[in-house]
1. Magnitude of the Cβ-charge dipole of the chain, K/R +1 and D/E -1, about the Cα centre, nearest 20 debye?
2. What nm distance separates the two modelled labels at D48 and A172, each placed 7 Å from Cα along Cα→Cβ?
3. Using amide H atoms built 1.01 Å from N in the peptide plane, name the residues 5+ places from G82, or on other chains, whose amide H lies under 5 Å from its own.
4. Measuring with a 1.4 Å probe in the full set of protein chains, what accessible area per residue, in whole Å², belongs to the chain?
5. Have a look at A267, A94, A222 and tell me which one the Gaussian network model of the chain (Cα, springs below 10 Å) gives the largest fluctuation.
6. Just check region 186-294 against the gyration tensor rule for me: Cα atoms, a ≥ b ≥ c as the square roots of the eigenvalues, rounded for a/c under 1.5, and otherwise prolate or oblate depending on whether a/b exceeds b/c.
7. For region 244-256, what does the Karplus curve 6.51 cos²θ - 1.76 cosθ + 1.60, with θ = phi - 60°, yield as ³J(HN,Hα) per residue in whole Hz, taken in order and with x for Gly and Pro?
8. For region 32-38, just list the computed ³J(HN,Hα) in residue order, Karplus coefficients 6.51, -1.76 and 1.60, θ = phi - 60°, integers in Hz, with x standing in for Gly and Pro.
Amino acid sequence: MSADLVAGERILRARFGARLAAGFPMATLTTFRIGGPAALFVEPEDDDDLAAAGRAVVEAGLPFVVLGKGSNVLVADEGFPGLVLRLGRGFRWAARQRDDLTAGGAMPLPALAGIALRHSLAGLEFGVAIPASLGGAVRMNAGAHGAEMSDVLRTVDLYRLRLGDRETVGAATLRFAYRSTAVPEDAVVVAATVGLADGDPAEIRARMDEARAWRRRTQPLAEPNCGSVFKNPEGDHAARLIDEAGMKGASVGRAHVSEKHANFIVADPGARAGDVTALIDLVTDRVRERSGVILETEVQVLGGVRDAA
């Protein structure tokens, strides 16, 4: 263990005790179900916990990443050489005020869509098909079925790990774009408010059922994957370009491009993260050769040479 990790673990252990895990198996927390361990892992339950994590990041220089539902993440075979935070149950809550819903960053987006339905609030139906936490969905401006988080977000509560404080910002300040935002690198999305509208429950439910059915029909839900691997180029679809390049069904090692949806990579039994990253590179090269389009990845790779934390 490096000196930085030793110092970081000491700071964290003083706050979290047995709640802090060393060498935690990250494969259990991602939908890919592959990858190596996190050097340190903890689930903060409140702002004081986040403050302790922030001290470890600043004083020990720990690299860190915040994990949501693990649906847009690939952990390198070597694991992640720093601190992984996943918001605990203290950040899983929701409250209504008129047509607004406010929820903690750990609230699953499909569950929040269900709460909106129970209150006859329309506008979040698209979220039922996105397997993300609210915090993760905000950070990447998640979307589906022609809608995205920026369409409904009003405010976002951020905890700044390096500054040690919480702030509430208007959604407009986060400069939302396709699958990206200007959420600061050291910020944890601890809560957010979405603005919805009164709706007919039967119509809301029908749209949610349609979104679920579409997902079951078009995506390899029964197999380990991370969701969409590549961003859609403007005016086109990554899946179409991948299929056109003859890469549907292509494989490297124990990873293959889904026959059901070409923008999904499936990790077969025995797959390694290296198989997936090599397949991503192969698909990128073939699409560029065939169409001249350079695909950008949507999946976040943690650890190894692609470390994005």
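1. I would put it at about 480 debye.
2. 3.8 nm
3. Under 5 Å from the amide H of G82 lie the amide H atoms of A39, L40, each far enough along the sequence or on another chain.
4. 44 Å²
5. Taking springs between Cα atoms under 10 Å, the residue moving most is A222.
6. Prolate is the answer for region 186-294, as a/c is 1.5 or above and a/b outweighs b/c.
7. Per-residue couplings from phi come out as 4, 7, x, 9, 5, x, 5, 9, 9, x, 9, 10, 9 Hz.
8. 3J(HN,Hα) across region 32-38, in whole Hz: 6, 6, 9, x, x, x, 8.
The values are calculated or read from the model by the stated rules, or taken from the named source; none is laboratory data. Please read all numbers here as calculations on a predicted model, not as lab measurements. Every residue, glycine among them, receives a Cβ derived from its backbone with ideal geometry; neighbour counts consider all protein chains shown. All accessible areas refer to the heavy atoms of the entire protein, side chains included, with ligands and DNA or RNA removed. Shrake-Rupley method; radii C 1.70, N 1.55, O 1.52, S 1.80 Å.
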